[in-house]
Amino acid sequence: MSDNSSFIGGESSVRQLNDQVIIVQVLVGIFLCINTMLIITFFMKDTFYRTMRYILFAVTLLSDCLILILTNLLLILSYFRFSMQVSLCLIMFAVSSVCNFVTPFTLTAMTLERYVAICMPLRHGELSSTRSALQCILIIHGLSSVPCILILSVFFASVSLSFFTQYRVCSVEMFIIRSWQGHLRSAISQFYFLIMCVIIVFSYIRIMKVAKAASGENKKSTHKGLRTVALHAFQLFLCLIQLWCPFIEAAVLQIDFMLYVNVRYFNYTVFSLTPRCLSPLIYGLRDDKFFLALKYRVLCPLHRKKKTVGVSN
């Protein structure tokens, strides 16, 4: 009887997980289409890739696309229990680990750019040049690579070369050989996000002071920058919670497996997918210049098609 009950429970869990996987595919597909459209719009006008905030916005979109594709691929592979060569899994882990930190770091840099634009307008042109943007991108990716380098350094020193040719189900836990690696990675992550939160709060307070003293068009622009910083803060808050998800999931796993599956699904959709869909909202739809370019990009082909049909009739 217990065997039969376990089998029935296993069937229902697979059916529920199937529904969840399908929903994730739909969400990931929608986000990738939106992000791809925004990236194409970014490269359509040269003024965008000569402006620091739009360059950083494009970096965020590219990073979000990469991490969505990789995490979704790993989700499907782990669900169907497909194994892959450890060396290939290592590359996927390295890229996704770096991209996981690139988005919050870039959000912090974009917040600083808004702070400079509003609180230090005379130095904005100097500090927000294309060269500064490229230097900022290098720093972002350098800092984002630190946790990955630490974990992989210990991993390379602990396993033999034959291990890289083996086939296994790809997971992050495969590369954490010792428990202190996870603690160190968590400590670095918490330190990073503490610094980011301090920068966000500092920028928000300074912009709020300028907003109170501003008037007319300056007041309107300042309040818009204030809302942008607030949205960045919300994104970073979701990313910060994502760091605690593995600890929560490990505790829930000790209680009930089905609860663990549901919690993991909830964490992925809310704390991984949601922050990635806010970036298009903040700079893709709220920014007037980018929205007009996006509107032209989307609606112009439809307008041309209608015009062509009208002429042919």
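Here is a check on your reading of the model: is residue 34 surrounded by 16 or more Cβ atoms within 10 Å (Cβ to Cβ) and part of a helix (DSSP H, G or I)? Yes: the conditions hold for residue 34.
Of (1) modelled with pLDDT of 85 or more; (2) open to solvent by 30 Å² or more (accessible area, probe 1.4 Å); (3) aromatic (Phe, Trp, Tyr), residue 57 satisfies all except one. Which? Residue 57 satisfies every listed condition except (2). Within the stretch 165-178, one or more residues are within 30 Å of residue 91 (Cα to Cα), outside any helix (DSSP H, G or I), in contact (Cβ under 8 Å) with a residue 60 or more places away in the chain and among the charged types (D, E, K, R). Can you tell me which residue among 133, 157 is free of Cβ contacts under 8 Å to residues at least 12 places away in the same chain and of a type in the set (A, V, I, L, M)? The unique qualifying residue is 157.
When 88, 112, 127 are screened for being more than 27 Å from residue 35 (Cβ to Cβ) and open to solvent by 50 Å² or more (accessible area, probe 1.4 Å), only 127 passes. Number of residues in the stretch 244-258 that are in a loop (DSSP other than H, G, I, E, B) and either touching a residue at least 24 places away in the same chain (Cβ under 8 Å) or of a type in the set (A, V, I, L, M) (or both): the value is 1. Look at residue 131 and say whether it is modelled with pLDDT under 85 and part of a helix (DSSP H, G or I). No, not satisfied.
This table checks each residue for (1) open to solvent by less than 70 Å² (accessible area, probe 1.4 Å); (2) among the charged types (D, E, K, R); (3) over 24 Å from residue 245 (Cα atoms).
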| site | (1), (2), (3) |
| --- | --- |
| 123 | no, yes, yes |
| 183 | no, no, no |
| 186 | yes, no, no |
| 191 | no, no, no |
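The values are calculated or read from the model by the stated rules, or taken from the named source; none is laboratory data. The structure displayed is predicted, hence computed values, not measured ones. We place every Cβ from the backbone using ideal geometry, glycine too, and count neighbours over all the protein chains shown. For the accessible areas, the whole protein counts, side chains as well, though only heavy atoms, and no ligand, DNA or RNA atoms are used. Shrake-Rupley method; radii C 1.70, N 1.55, O 1.52, S 1.80 Å.
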